[in-house]
Each structure stands twice: as C-alpha cells, then as structure tokens.
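The values are calculated or read from the model by the stated rules, or taken from the named source; none is laboratory data. These figures come from a predicted structure and were not determined experimentally. Using ideal geometry, Cβ is built from the backbone for each residue, glycine included, and neighbour counts are taken over all protein chains shown. In case anyone asks, the SASA skips ligands and DNA or RNA and just uses the protein heavy atoms, side chains included. Shrake-Rupley method; radii C 1.70, N 1.55, O 1.52, S 1.80 Å.
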Amino acid sequence: MCLEVNLELLFLLPIFLPLLTAIFLFFNKNLFNELITNFFTLNSALLSFAISFYVFVMLALDKFQPINYSIFQWTNTPDIKIGFTLDGLSGIMLLLVTGLSFIIQLFSTSYMETDEKHNNYFVYFNFFVFSMLLLVMSSNFLVMFFGWELVGLSSYLLISFWSKKPAAAKAGNKAFILNRVGDFGFLIGLMIILNTFNTFDFYTVLKSASDVPENTITLITLFLLLGAFGKSAQFPLFSWLPDAMEGPTPASALIHAATMVTAGVFMLVRISPILQHSKIAGMVIISFGLLTALLAAFSAINQYDIKKVLAYSTISQLGFMFIAIGAGAYVAAIFHLVTHAFFKALLFLGAGAVIHSMHHEQDIRKMGALRKQMPVTASMMGIGTLAISGIPPLAGFWSKDEILASVFANGGIYYIFWALGLGAAFLTAFYMGRHWLLIFEKDNGFDHSNVNEAPKTMTRPLIILGLFSIFMGFINTPFFHGVEKVLHYSLEGVEITHLPEGITLIVLAVLSIGAGFTGLLIAYLIFSFEIFKRFNFKRINLDYPINLVKDLSFNVLYLNKFGNSIFVTGMKNFTRKVAVIVDGLIIDGSVNFVSTAFGKTSRVASATQTGLVRSYVVYFGLFLLLLIGLFIITPMVPQ
C-alpha cells in the first residue's frame, strides 16, 4: 500500500514537470540567455527521466500491477473523472518519451544555439512533452482526448516554428487541419462510448466490451481508427508528415520518433480488449497499414530531401505497427514502436548533424562522400540504416521480424499480407541504403573539404542512440519475452497472436533477413557500384520504366496533387459556386425580391398621395360606390 501511495505521487511528477518548465521558461524568456535556458530545460528533462526510471523499476518489482489515481470526480452521472494510470503500457511510454526528450533536447542545445527564437523553441518543446505524457498516462478517454488535442497544438507550434518561411507556415496549417479531420472521428467515437458505457474510464469500458453488440464495437473502433489515421499519418491522412520537415530537425526527431506519430498506435493497443471483438475493424487496420507501408516505402525511393526520406520511412514503419495490430500482434506493435523510436531518433538527429555541418543544405544530391569528414555521424547513421533494414542482431530485425512472423501465423489471407509486408521490408532496405550511400559514400562531384564533424553535443546523443539501436531488440526475442511480460496486465483477457514455432520461424527469419540484405545490395549496386554505367543495358531499354518509377515515386503517385485538386482547389471552386447560387441567388435574391416588390408598390401607391382635397373626395366617392355595389351584389346572410 505504501509503495502504491508513493508511486501515485511520483508518477505524476514527470507528467507535469515539463509543463511547469514550459511556463517558467515562457515568463522568463526575455530574461534568460541561452545557457540559463539550456540549464533549466536539460535538468528538468533529466529529472523527469530519472523519476520515470525509478517509477518503472518500482512498478516492475510489483509485477506491473496497474495503479490508478483520480485527481477529481467531474460528474457522477455519467461517470466522468480526471485521472491517470500507471501500468506496463503507460510505463513503457513514460520511459520512452522522457528518455528520448532528454537526448533530443541535449542535441537541440547545439543545433538551435544561434537561433533567434532559441528560448521559444524549448517552451514549445516542453509543452509538447507534457501533452504527450498527458495522452499516454491518462486513465480514461476524456483525459486522453485532452492530451490528443494538445499534442496537435504543440506539434503545430513546432512544425511552423520558423513561420516567417511560407513553407513552414503552410506545413503547420496542413498538419493542424488534417489532424482535425481525424480528431473529428475520434470525438464521435468518444460520444458513442459515453452513450454506450455511461463512462470514459478505460477499465470499466474495456471490461464491459464483451457485453456490447459487435456492430456497436465496430462503429466505435472505426471512428477511433480515423483519429489514429490522422495522428499516425496513415493513408489517406498521411501527407502532412513529409511537409512537417519544415520544422527544426530535432523537433522532427521528437515528433517522428516516440511521440506524436505513435499516439495512434498506443491508443489502438490501449483499446485492444474492444478491438479484438471486431473482425471488420481488424481487417480495416491491417489493410490500411499494409497499403500505407507499401505506398510510403515506394515514395521514399526517389526523394532527395534528407529529411523527407526519413519522413516517408516513418510513415511506412507506422504502417508495420498497424499491420501488427490488425493481425492481433499487440506486443509486436509496441515492441516495434520502442525499437523504431531509437533508430528513427538516431537517423533524424544524424540528418540534423549533417544539415548543421552542410550549412543547412538538405538536398542529398549535393552531399556525398561525407564519411571521411563526418566519421562518427556516418557510423551512427549506418547503424540506424542497418537497424531499420532489419539486419540482425540490431533492434529493428527482432521487432520487424516478429510482426511479419505473427502475420504469417494467422494463415489464410494473411499469407498474402505477409508477402506484401516482406516486399515493404525489401523496399525499406533499398531506400535507406540509397539514403546512406548518397550522403556518405558516393562522390557526387561537390567539394566538401570545409565540412567538419558535428560538435560533441550532437555526436554524443548519436552514440547513445546507436547503442540502443543495437541492443534494444534483445528485450523481446523468441527466447525472452520481456515486452510481453511488461504488458501482461495491460493486455489481460486479450487474445494475442504469437510467433510460429520450430522450422517455420527459422525459415521466416531467413526470408526476412534476405529481404533486408537484398535491398541493401541492390542499393549498393545502383548507387555506389553504379552498375548501369559499368554494364551496357541499352538492349533491354530500361529507361522508360525506370523514369516512370522515379516520377511516380517522387510525386507520391500524384496522390498529393490529386488530393489538392479534389479537396483544396475543387472544394474552393465548389464553395464559390455554392456561395453564388445559394447565398447570392436564393438567400440574397429572395430578400432583394421582397424589398424590390415593396419598393415598386410603394412608388405606385405614393402617386395617389397628391395632397389635394378634391382628389381625396373623388377617392372617397369611388370607394363608397364600390361598397354599395358589393352590398347589392353580395347575397344577404340569414340571421
């Protein structure tokens, strides 16, 4: 009991400490210089992580028994309260968010040191961390929704941080608006939950899910899924994420690694006791996840912005997490979320180090052969590239292989899903190999003699993340189910898809590794060995199909232009026509008709008002004769 009371008080501190830091820095931003701001924000982040680590260890000693803490009861009927929960799932996210936020802030102190809005950046950064922790530590859907919306707001502030740049302002607006589309669905889902269960409390709702008709469960999950599509950038609400690269690179690492974009994955795993009762929702999730993984991977193979490649990579990897959830492999989804957080943060911060050393150049065609000038950054980004490509024994291999094997274990149509997922894994290795080779290996003909390694405040975080990208995969292997043990109570009563056993698992692992190595090998042959220049392929005439693939990849199958023509330009033209027809002709027209009619009749009537007595006598006589005539013609009414 004493342990529970202590943890109740302690696990609230990491949630609200970033908020207090953001408020403190906001009111003193004109007083503090960069060094003082760095001191407060780094120590706050380190303290949050230290407390989170202690809380997680104490929770582990108590075998991850959930702890709920209610701050106050809002209403009794329906049952709505403001509260937080600490269990295995929220504990993982607590460690991940606070730990990575500290590492990224440490990197940011160097990356943002010359920026004129340095202090504002850390205000927004800490506010973002608070918003994400509010979301993942919530004990009910209402508090989760508060965090959900605040994450959207704070991401807008970070994406459009350099708002003087039109592209940054536009990107912030796009992210905010597209997320509102998803949030509208999320809000409808919450209304149905309150109407069905008369409460927002997770545990009450999740335990009662089996008593609710499947149609209602499907309706709830599909509306919540729309919210997840927006936050986690899944098709069709994914186009905001590549544009979000207009924000500072460390902010991109924060948003794309373990925070905002994983909110949808976290939410779906949280509602897994509901989700398992809807076969339709599961099929929708895995179908859209697979479509997104393939589409984003294809789009990444011919991008030239160093950060946009990683953005499409993030979308694709999130697609893998949705594939896992749709296949019932909830543990694999969270496991991949954790490993992806580290190697994607590593890749983004590595890209930031390159951009910093290249004086904010982001076109990889203008880089090349930077390995000698930036050996630490090249090595660490190489580790990140191998990890995301699924090369053993790095972290990405264990988590991605578990997802693909779990999909295969379902059998039937899931064999097709597995094969397509393996294709997405191959594309991932190919475009990430291309990314690394064009930056660090291939000589693109530019003089980089003035390029130097990034400062130690940047390379040290890269080394830390590199080590995690190597060893983090061992927390959940076929021989040690660490993540599954942590999530035992969070997924209590949930039917989880497990890995196949024996020779099947070995064959699947070999095929997964083969896909990764094949993708990297083809990337090497094309971009480093330059096989098309060394051998004559003119007889085969590959120019047209290659150029077509490049064009479709670079333009994302023209989906953005199609969406812009339909939903932006098309909607503008439609609303203008509606304004002309409905507002101009019908509403304004009817009002104008009435006023015109009254104007004309009044002008006719006013002609009779001459002011002459003889005219009025004539009118009087005429109306008197009219009355007499009516009296004579009209039959007498009997009394």
Within region 225-243, the residues that are in a helix (DSSP H, G or I) and touching a Gly at 6+ places or on another chain (Cβ under 8 Å) are 225, 226, 227, 228, 229, 230, 231
Those residues of region 178-218 which are closer than 30 Å to residue 154 by Cβ, in contact (Cβ under 8 Å) with a residue 12 or more places away in the chain and of a type in the set (A, V, I, L, M) amount to 178, 181, 187, 188, 190, 192, 193, 194, 205, 206
The condition of being open to solvent by less than 40 Å² (accessible area, probe 1.4 Å) and out of contact with any strand residue (DSSP E or B) (no Cβ under 6 Å at 6 or more places or on another chain) holds, among 224, 219, only for 224
| said: Going residue by residue through region 255-271, is there one that turns out to be of a type in the set (Gly, Ala, Ser) and modelled with pLDDT under 90? | reply: yes
Reported set for region 571-589 where residues are at pLDDT 75 or above and either within 30 Å of residue 240 (Cα to Cα) or in contact with a strand residue (DSSP E or B) (Cβ under 8 Å, 6 or more places away or on another chain) (or both) is 571, 572, 573, 574, 575, 576, 577, 578
Conditions (1) touching a helix residue (DSSP H, G or I) at 6+ places or on another chain (Cβ under 8 Å); (2) at pLDDT 90 or above -> residue 494 fails only (2)
Of the conditions (1) part of a helix (DSSP H, G or I); (2) modelled with pLDDT under 80; (3) over 30 Å from residue 171 (Cα atoms), the single one that residue 595 does not satisfy is (2)
Those residues of region 575-594 that are over 30 Å from residue 565 (Cα atoms) and open to solvent by 70 Å² or more (accessible area, probe 1.4 Å) come to a total of 4
Residue pairs within 7 Å by beta carbon, gap of at least six or interchain, first lying in region 509-531 and closer than 10 Å to residue 430 by Cβ, second of a type in the set (Val, Ile, Thr), listed first then second, are 516/391; 519/428
For region 125-177, the count of residues that are open to solvent by 10 Å² or more (accessible area, probe 1.4 Å) and either of a type in the set (A, V, I, L, M) or under 15 Å from residue 230 (Cβ atoms) (or both) equals 14
In region 299-337, anything surrounded by fewer than 24 Cβ atoms within 10 Å (Cβ to Cβ) and either in contact with a strand residue (DSSP E or B) (Cβ under 6 Å, 6 or more places away or on another chain) or at pLDDT 95 or above (or both) is listed as 304
Considering only helices (runs of 4 or more DSSP H) wholly within region 447-527, the ones with at least 2 residues that are open to solvent by 60 Å² or more (accessible area, probe 1.4 Å) and under 19 Å from residue 99 (Cα atoms) are 456-471
* Do we find that residue 428 is surrounded by fewer than 19 Cβ atoms within 10 Å (Cβ to Cβ), in contact (Cβ under 8 Å) with a residue 24 or more places away in the chain and not aromatic (Phe, Trp, Tyr) in this structure? -> no
Worksheet item: Just to be sure, is residue 49 touching a residue at least 24 places away in the same chain (Cβ under 8 Å), within 25 Å of residue 145 (Cβ to Cβ), crowded, with 17+ Cβ neighbours inside 10 Å and under 25 Å from the mean Cα position of the chain (by Cα)?
Response: no
Matching residues in region 528-544 (part of a loop (DSSP other than H, G, I, E, B) and farther than 19 Å from residue 436 by Cβ) number 8
The condition of being under 30 Å from residue 275 (Cα atoms), assigned to a helix (DSSP H, G or I) and not β-branched (Val, Ile, Thr) holds, among 335, 348, 430, only for 335
Does residue 288 meet the test of being part of a helix (DSSP H, G or I), over 26 Å from residue 85 (Cα atoms), open to solvent by 10 Å² or more (accessible area, probe 1.4 Å) and not polar (S, T, N, Q)?
yes
If you go through 418, 436, the only one that is over 30 Å from residue 109 (Cα atoms) and either crowded, with 18+ Cβ neighbours inside 10 Å or free of Cβ contacts under 8 Å to residues at least 40 places away in the same chain (or both) is 418
Cβ pairs under 8 Å, 6+ apart or interchain, first in region 20-44 and farther than 17 Å from residue 103 by Cα and acidic (Asp, Glu), second part of a loop (DSSP other than H, G, I, E, B) and open to solvent by 70 Å² or more (accessible area, probe 1.4 Å), ordered by first then second residue, are 34/113
The number of residues in region 528-571 that are under 24 Å from the mean Cα position of the chain (by Cα) and open to solvent by 90 Å² or more (accessible area, probe 1.4 Å) is 4
The condition from (1) surrounded by fewer than 16 Cβ atoms within 10 Å (Cβ to Cβ); (2) charged (D, E, K, R); (3) assigned to a strand (DSSP E or B) that residue 81 misses is numbered (1)
* Condition check for residue 522: modelled with pLDDT of 90 or more, in contact with a helix residue (DSSP H, G or I) (Cβ under 7 Å, 6 or more places away or on another chain), over 25 Å from residue 342 (Cβ atoms) and of a type outside the set (S, T, N, Q) -> yes
